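The values are calculated or read from the model by the stated rules, or taken from the named source; none is laboratory data. Just so it is clear, the structure is predicted and the values come from calculations on it, not from any experiment. Here the Cβ is made from the backbone with ideal geometry for all residues, glycine too, and neighbour counts use every protein chain on show.
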Amino acid sequence: MSSSLEKNMLILRSSDGEEFIVPEVVAVMSKAIKNMVEDECASNTIPVPNVDANILAMVIEFCKKHDESEAEAASDLKTFDSEFVNRGQEALYDLITAANFRDVKELLDALCQNVAEMIKGKSVHHIRIQFLGYQLFEILTSNFIWNIWCDRDFD
Amino acid sequence: MEARCDFLQWLQMDMSLNIFMSLDDPSDLIRASAVSPSWHHFVTANGLCKQLCLRLFPQLSSVSFVTEPSCGLKKSADVGSSNSVEWEALEMEHRAYAFLVRALTTFTPKDCIAEAISASSTDNFPEESIQNTLDPRDRVLRRASYWSSKGQSDPSVPETLIYKVTGNLCVITEISVQPFLAYFQPGFPIYSAQSVRFRMGHPRSPEDVESDPRNLPLQHPADDKFIWTYTSQEFPMTQENYLQKFQLPEPVICIGGFLQIELLGRVQRQEMDGLFYICVSYVEVMGQSLFPAFDVKNLEPSGKLLLKYNPEVQHCASPISSYRQPLATSANMLHDNLRGLELLLNMLHGNAPDHEHNDWDDDDDNDNDLDLVPM
């Protein structure tokens with residue numbers, strides 16, 4: 001397979017063994033991969049441990065879009081970003097971990113910003129429901145003394 | 001229903017940090033710190049409130065921060081381990097900065113001049129004292145109320161007015177200056193300046209604060225007695241007799257409590273002597289004092305500034321809104337009374353400005369002059 005691989009293409013192998021053929025320019029948006037390529041310690045197939053196929057596919061989708069759309073309007077990219085990061089929390093966190101591990105700064109920033117948006121302008125109560133769920137919340141309130149000053153002054 | 005999960009438990013610490021650092025509104029960060037013990041611990045242990053505060057107000061990074069030793073560390077005594085002492089300190093710092101950053105970003109600006117300190121020059125003292133600029137009226141007790149500089153043949157000579165604002169830590173958003181229209185002079189000249197600039201700072205030596213900034217002579221320049229830590233841009237002023245508002249690009253913390261108004265460039269020549277003057281009838285400084293929850297002290301001998309946080313005041317309800325008004329009001333009333341008394345005394349002593357004190361208007365021998373105030 002690698003023999004038929006075009007020049008400037010890399011193969012990324014996810015933790016669960018799936019392989020993705022990706023243009024080098026896209027792959028090196030991950031600083032971690034870029035370093036490997038630059039140090040020439042990478043063969044054509046680069047293992048991406050800790051990131052499963054599902055998440056890796058998403059990361060690649062993001063990088064491809066950002067690579068292609070360099071010439072495109074920034075607003076289009078913004079729209080894409082906001083749709084891209086609009087996912088369930090689990091997927092978001094997995095993506096953050098992957099983006100951090102692979103060192104894809106743009107993706108990481110967009111994702112963290114997205115989580116932050118879930119907090120911005122929300123009441124303490126709302127944030128608890130969003131991130132902790134009701135039951136935990138009920139246990140918490142029993143001995144959570146600083147509610148008293150926080151809620152009074154800042155809610 | 002979608003699974004809800006706490007990113008603090010899922011993500012590596014620096015990722016969570018990244019998320020919390022994306023919160024640039026203090027209210028969001030403070031609310032987040034109240035979500036759960038682990039969130040609270042995270043925000044506190046990483047000093048996120050302090051970081052946000054310094055990010056929003058970089059001026060504060062030059063100030064050391066302390067809390068009053070009497071409070072905050074009480075609980076640690078019975079626990080006894082150094083860790084918990086450290087933690088108590090972090091907790092206190094968190095609360096102090098949470099309170100500070102919140103106070104600095106959410107308030108309704110009010111006039112916060114406490115008193116006039118000094119003018120770089122005064123043509124006639126006390127008739128044309130800087131004290132007059134605290135009164136919005138341009139006539140008090142049938143006399144003109146304004147400050148006038150000395151006359152200069154060079155229109156580029158600047159003047160400065162120095163004021164004390166309420167408290168030693170005050171956030172200021174807007175400064176207004178009303179140039180004086182000399183309604184008793186022919187042609188009603190307006191003695192405005194070309195532009196204004198503002199500086200904020202603290203006394204150079206600690207003695208100046210503690211002893212008596214109030215006793216600095218009002219009519220003598222005092223600019224060298226202060227260290228100005230903030231200088232605004234230059235704002236153009238128009239030659240019109242209304243309260244001209246100069247909004248600072250962003251709220252500025254006046255650390256030390258002193259404000260200087262620099263009046264740059266003279267535009268009006270006085271007909272009688274051909275000299276350029278600057279006259280101001282009223283000055284207003286809009287902002288919010290953080291006293292008594294916060295105070296700034298000059299440290300001897302280093303001259304370093306110390307920001308003091310007094311949590312007890314915070315807890316006895318809203319220090320932001322209630323404490324200031326009575327203070328300011330009584331100060332103003334005192335000023336009014338003193339000023340009235342001063343004028344009365346002057347008149348009784350026959351010191352009302354008249355010809356005898358004027359060295360220029362020899363050919364002006366009209367009786368009406370008694371009503372005129374020399375510039």
Notebook entry, point to check: All but one of (1) in contact with a helix residue (DSSP H, G or I) (Cβ under 9 Å, 6 or more places away or on another chain); (2) at pLDDT below 60; (3) more than 7 Å from every other protein chain (Cβ to nearest Cβ) hold for A:Ile139; which doesn't?
Noted result: (1)
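Every residue, every condition in (1) among the polar types (S, T, N, Q); (2) over 19 Å from B:Cys279 (Cα atoms); (3) part of a loop (DSSP other than H, G, I, E, B); (4) in the same structural domain as B:Gly256 (by TED's automatic domain parsing), yes or no:
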residue	(1), (2), (3), (4)
B:Val157	no, no, yes, yes
B:Thr160	yes, no, no, yes
B:Ile172	no, yes, no, yes
B:Tyr183	no, no, yes, yes
B:Gln194	yes, no, no, yes
B:Arg197	no, no, no, yes
B:Met200	no, yes, no, yes
Margin query: Looking at the structure I just gave you, is A:Lys7 among the basic types (Lys, Arg), surrounded by fewer than 17 Cβ atoms within 10 Å (Cβ to Cβ) and modelled with pLDDT of 85 or more?
Written below: no
Item checked: B:Leu52 within 11 Å of another protein chain (Cβ to nearest Cβ), closer than 19 Å to B:Val101 by Cα, surrounded by 18 or more Cβ atoms within 10 Å (Cβ to Cβ) and modelled with pLDDT of 90 or more -> no
Next item on the list: Check whether at least one residue in the stretch A:92-111 is at pLDDT 85 or above, in contact with an Asp or Glu (Cβ under 7 Å, 6 or more places away or on another chain) and within 16 Å of B:Ile19 (Cβ to Cβ), and report yes or no.
Entry: yes
Checklist line | the stretch B:93-106 residues that are away from every other protein chain (no Cβ under 11 Å), paired with ones that are surrounded by fewer than 20 Cβ atoms within 10 Å (Cβ to Cβ) (beta carbon under 6 Å, 6 or more apart) | finding: B:Ala96/B:Thr67
Item checked: Test for A:Leu108: is it assigned to a helix (DSSP H, G or I) and closer than 21 Å to B:Phe7 by Cβ -> yes
